[in-house]
Amino acid sequence: MALGALIGAYQEDDAGGLRALLPLAGRTLIEYQARCLAATGAAPVVMLVERVPVALNDAIERLRSEGIVVVPVSDGAEAATRFGPGAELILLADGIAPDMGDLTMLVEEADTVVMTLPDREEFADYERIDASHRWAGLARVDSAMLGATAAMLGDWDLQSTLLRRSIQAGARQLPSADGDGRGPFMASSADAMTGYERRLLVASRTAREDAVSRFLLPLVEEMATERLMETGLRPAWLVQTALVLTLAAAFCLTRGWSWAAIAMLLLSTPLDLVAQRLALLRLKPLGPTMASRRLLWPASGLALLALGWFEARHGSGWGAMVAALATVAFGEAARIERGTRDVPGKTWLLSRRNAIWLALPMAIGGWWSLYLGFLAAYAAASFFLVQHVRHRVERD
């Protein structure tokens with residue numbers, strides 16, 4: 001059964017504004033909170049707020065454009081009406097950026113649960129539960145408890161009262177993730193959010209599976225991600241741009257405009273990496289079936305065939321086209337053979353980025369025929385290595 005969610009958005013930060021509106025990765029904290037909850041399948045997402053300023057309304061509209069509906073309510077009684085009888089909900093404290101691992105654990109629980117932190121100095125700003133625990137800002141409660149708490153609330157704080165009533169009713173305490181860049185974050189000021197943005201940026205780094213992305217592109221990827229995460233740019237647009245650049249490069253190669261083609265291909269190589277990180281930062285990972293992403297590999301093969309076709313017609317003979325076809329065939333065979341296996345030395349196997357950057361020194365020397373022959377041998381070696389690893393695993 002899907003969980004609902006209740007977020008607080010009424011406490012002020014150190015500057016007197018709403019904590020919910022503190023900036024985070026180019027958006028606001030409330031948008032990050034809502035995305036976290038939506039990523040777990042929580043619906044509806046109800047936001048408890050005393051008033052809705054223009055900036056908060058804009059945030060709600062941006063979320064709605066992403067397909068995430070956040071319902072603002074002004075008090076606990078109204079919040080209780082948004083959840084059906086017997087429904088369960090995630091309670092997310094005002095100003096808390098949750099840890100996704102904590103959220104996942106909470107969703108998998110079947111009982112009333114409160115996430116806790118140890119009573120240590122670094123967690124002194126979190127609400128105390130008992131002599132040795134503080135609240136991590138996440139809990140799982142039922143709508144009946146919410147309704148009963150709202151009915152007797154008076155001037156008390158809904159979140160704190162609901163938390164304490166849940167504990168008194170026997171809610172189980174579950175330790176939150178702690179250390180190594182994990183655990184919740186309490187927003188208090190714009191300066192504090194800068195440090196959390198850096199934490200998110202580091203957490204978005206993914207495995208770099210080829211030599212180029214591992215050794216040549218990390219700085220470009222890091223800088224581009226840091227700049228673009230504060231914009232409204234959609235990650236899919238970057239992947240689509242990479243695809244367009246690759247296809248345009250293929251056209252240029254049929255005309256012999258090799259330097260224009262090389263420039264476009266080089267520009268395309270970090271774009272899908274940056275797109276993947278932006279998507280992770282926004283809690284909407286790029287799907288494996290995304291059309292533009294899947295087409296990057298065949299588009300690169302098309303560019304290689306265009307080069308082989310041009311070279312075959314301008315002095316290199318039929319061998320250039322054969323080498324291009326062999327590269328495409330061995331490259332695709334290696335990709336199919338490998339599947340999702342972790343192959344030793346995979347960093348150095350043929351990949352789209354490795355092949356593109358190898359073209360740069362060859363272009364400087366004008367050694368296009370040598371490049372095509374080398375790529376054919378490179379692709380063949382990659383295929384036989386992957387095949388050897390696969391058959392060895394199957395024998396074992």
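Couple of notes before you dig in:
- Number of the condition not met by Ala207 [criteria: (1) farther than 30 Å from Asp111 by Cα; (2) at pLDDT 90 or above; (3) under 18 Å from the mean Cα position of the chain (by Cα)]: (2)
- Which numbered condition Arg294 misses (of (1) charged (D, E, K, R); (2) under 18 Å from Ile356 (Cα atoms); (3) touching a residue at least 60 places away in the same chain (Cβ under 8 Å)): (3)
- Identity of the residue in region 210-255, part of a loop (DSSP other than H, G, I, E, B) and in contact with a helix residue (DSSP H, G or I) (Cβ under 6 Å, 6 or more places away or on another chain), that ends up farthest from Ile356 (Cα to Cα): Met229
- Selection within region 332-362 - surrounded by fewer than 15 Cβ atoms within 10 Å (Cβ to Cβ) and aliphatic (A, V, I, L, M): Ile336, Leu360
- Some residue of region 96-118 being over 24 Å from Ser143 (Cα atoms), modelled with pLDDT of 90 or more and not β-branched (Val, Ile, Thr): yes
- The residue that is farthest from the chain's Cα centre (by Cα), among those in region 95-127 that are over 15 Å from Ala42 (Cβ atoms) and in a helix (DSSP H, G or I), is Glu121.
- Pairs are defined by a Cβ separation below 7 Å, a sequence spacing of at least 6 or placement on different chains, a first member in region 27-52 that is on the phi > 0 side of the Ramachandran plot, and a second member that is surrounded by fewer than 24 Cβ atoms within 10 Å (Cβ to Cβ); the pairs so defined are Gly41/Ala2.
- Test result for Arg338, modelled with pLDDT under 95 and within 30 Å of Ile30 (Cα to Cα): no
- Considered as a group, the residues in region 174-196 that are within 29 Å of Thr347 (Cα to Cα) and within 18 Å of the chain's Cα centre (by Cα) include one that is surrounded by the fewest Cβ atoms within 10 Å (Cβ to Cβ), and that residue is Gly181.
- Extreme residue, farthest from the chain's Cα centre (by Cα), among residues of region 162-173 that are of a type outside the set (D, E, K, R), assigned to a helix (DSSP H, G or I) and more than 16 Å from Ile7 (Cβ to Cβ): Gln168
- Residues (among the small types (Gly, Ala, Ser) and crowded, with 20+ Cβ neighbours inside 10 Å) located in region 68-104: Gly76, Ala79, Ala80, Ala93, Gly95, Ala97
- Residue pairs whose Cβ atoms lie under 8 Å apart, sitting 6 or more positions apart in sequence or on different chains, and linking a residue in region 255-271 that is of a type in the set (Phe, Trp, Tyr) to a partner that is part of a helix (DSSP H, G or I), are Trp259/Ala363.
- Options Arg214, Arg277, Arg227, Arg293: the member that is over 18 Å from the mean Cα position of the chain (by Cα), within 30 Å of Cys36 (Cα to Cα) and basic (Lys, Arg): Arg214
- Considering region 144-159, and only residues there that are at pLDDT 90 or above and surrounded by fewer than 18 Cβ atoms within 10 Å (Cβ to Cβ), the residue that is farthest from the chain's Cα centre (by Cα) turns out to be Ala148.
- Within region 54-67, tally of residues that are surrounded by fewer than 13 Cβ atoms within 10 Å (Cβ to Cβ) and either in a loop (DSSP other than H, G, I, E, B) or over 29 Å from the mean Cα position of the chain (by Cα) (or both): 1
- Pairs are defined by a Cβ separation below 7 Å, a sequence spacing of at least 6 or placement on different chains, a first member in region 310-338 that is touching a residue at least 24 places away in the same chain (Cβ under 8 Å) and of a type in the set (Asp, Glu), and a second member that is crowded, with 16+ Cβ neighbours inside 10 Å and part of a helix (DSSP H, G or I); the pairs so defined are Glu311/Ala320; Glu311/Trp368; Glu311/Ser369; Glu311/Leu372; Glu337/Phe383; Glu337/Val386.
The values are calculated or read from the model by the stated rules, or taken from the named source; none is laboratory data. Note that the structure is a prediction, hence the values are computed from the model and not measured. Every residue, glycine among them, receives a Cβ derived from its backbone with ideal geometry; neighbour counts consider all protein chains shown.
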